[in-house]
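Right, one structure below, let's go through it.
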Amino acid sequence: AQTVTQSQPEMSVQEAETVTLSCTYDTSESDYYLFWYKQPPSRQMILVIRQEAYKQQNATENRFSVNFQKAAKSFSLKISDSQLGDAAMYFCAYRTSTGTASKLTFGTGTRLQVTL
Amino acid sequence: DTGVSQDPRHKITKRGQNVTFRCDPISEHNRLYWYRQTLGQGPEFLTYFQNEAQLEKSRLLSDRFSAERPKGSFSTLEIQRTEQGDSAMYLCASSFSGFTYNEQFFGPGTRLTVL
């Protein structure tokens with residue numbers, strides 16, 4: 001079974017600075033998808049960024065980018081120019097790309113605080 | 001379309017009672033998922049449907065839990081004889097299997113408190 005580990009329960013960053021959230025995973029599969037989801041307080045979870053395992057190029061979405069290291073099974077999220085609205089729980093998630101299996105396996109999350 | 005909706009948003013019940021939650025997915029989405037999220041944890045998969053067929057169930061889904069999606073649109077999740085350990089946020093998500101990423105869109109959740 002696949003597992004996802006987020007070793008940073010909490011992180012803090014000053015507004016306009018850059019922060020990196022860590023995620024590692026364990027799988028025996030060669031093709032899969034990885035995601036970062038954001039869950040603001042009392043609000044629903046939204047997708048921040050996604051990565052296909054067969055793509056070597058790291059995904060980028062505006063201020064959000066990932067560092068995908070397939071051999072190391074590492075998938076970190078970098079937030080540049082942090083804003084107050086970035087404060088939330090961030091979850092790393094894994095999904096297989098084979099068959100009809102479609103569930104997401106989540107890590108335990110990292111709570112990001114953004115300070116002035 | 002305003003996204004995935006869930007009803008109720010909050011439910012407080014006494015131990016031993018039955019509860020039912022409803023999820024309305026994004027209209028063109030054929031897949032619907034249920035997850036459970038306890039405090040300080042990430043969501044854990046419970047079950048998912050493609051159209052009206054229930055394709056996968058987690059071992060977390062004990063025999064007190066039942067989910068349905070009778071017409072391939074909305075879904076219900078029923079918990080019978082609730083226990084205090086059932087207290088959690090129950091999240092619903094939907095997706096369209098025809099898209100490459102099969103991205104899942106989440107609803108706001110139903111927070112269950114069992115007294």
task: Report the residue count in the stretch B:9-32 for those that are over 21 Å from B:THR113 (Cα atoms) and in contact with a strand residue (DSSP E or B) (Cβ under 8 Å, 6 or more places away or on another chain).
output: 7
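How many residues are among the polar types (S, T, N, Q) and modelled with pLDDT under 95 when one looks only at the stretch A:68-104? Lay out the reasoning, then the answer.
Filtering the stretch A:68-104 for residues among the polar types (S, T, N, Q) gives A:69, A:74, A:76, A:80, A:82-83, A:96-98, A:100, A:102.
Still in the list and also modelled with pLDDT under 95: A:96-98, A:100, A:102.
Final tally of qualifying residues: 5.
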query: Tell me, which residue of the stretch A:89-102 that is at negative phi and surrounded by fewer than 22 Cβ atoms within 10 Å (Cβ to Cβ) is farthest from the other protein chains (Cβ to nearest Cβ)?
result: A:THR98
- line: Checked pairs for the stretch B:46-67, first under 14 Å from B:GLU78 (Cα atoms) and touching a residue at least 12 places away in the same chain (Cβ under 8 Å), second of a type in the set (Lys, Arg) and buried (at least 16 other Cβ atoms within 10 Å of the Cβ), C-beta under 6 Å and 6 or more apart or across chains, list as B:LEU46/B:ARG36
query: In the stretch B:51-88, what residues are in contact with a Ser or Thr (Cβ under 8 Å, 6 or more places away or on another chain) and within 11 Å of chain A (Cβ to nearest Cβ)?
result: B:LEU55, B:GLU56, B:LYS57, B:SER58
task: Looking only at the stretch B:89-115, count how many residues are out of contact with any Asp or Glu (no Cβ under 9 Å at 6 or more places or on another chain), under 29 Å from B:GLY16 (Cα atoms) and more than 11 Å from chain A (Cβ to nearest Cβ).
output: 3
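Tell me which residues, restricted to the stretch B:74-107, are under 19 Å from A:THR105 (Cα atoms), in a loop (DSSP other than H, G, I, E, B) and at pLDDT 95 or above.
Within the stretch B:74-107, B:GLY107 is the sole residue that qualifies.
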query: Can we say B:SER66 is surrounded by fewer than 17 Cβ atoms within 10 Å (Cβ to Cβ) and not in a strand (DSSP E or B)?
result: no
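Across the stretch B:21-50, what is the total count of residues that are in a strand (DSSP E or B) and either more than 13 Å from A:PHE106 (Cα to Cα) or within 10 Å of chain A (Cβ to nearest Cβ) (or both)?
Narrowing the stretch B:21-50 to residues in a strand (DSSP E or B): B:21-24, B:31-37, B:44-50.
When the remaining residues are screened for being either more than 13 Å from A:PHE106 (Cα to Cα) or within 10 Å of chain A (Cβ to nearest Cβ) (or both), the result is B:21-24, B:31-35, B:37, B:44-50.
Of the residues in the stretch B:21-50, 17 are in a strand (DSSP E or B) and either more than 13 Å from A:PHE106 (Cα to Cα) or within 10 Å of chain A (Cβ to nearest Cβ) (or both).
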query: Among the candidates A:SER7, A:SER12, which residue alone is farther than 26 Å from B:TYR33 by Cα, assigned to a strand (DSSP E or B) and either away from every other protein chain (no Cβ under 13 Å) or without any contact (Cβ under 8 Å) to a residue 40 or more places away in the chain (or both)?
result: A:SER12
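The values are calculated or read from the model by the stated rules, or taken from the named source; none is laboratory data. If you're wondering where the values come from, they're calculated on a predicted model, not measured in any experiment. All Cβ positions, glycine included, derive from the backbone under ideal geometry; neighbour counts span all protein chains shown.
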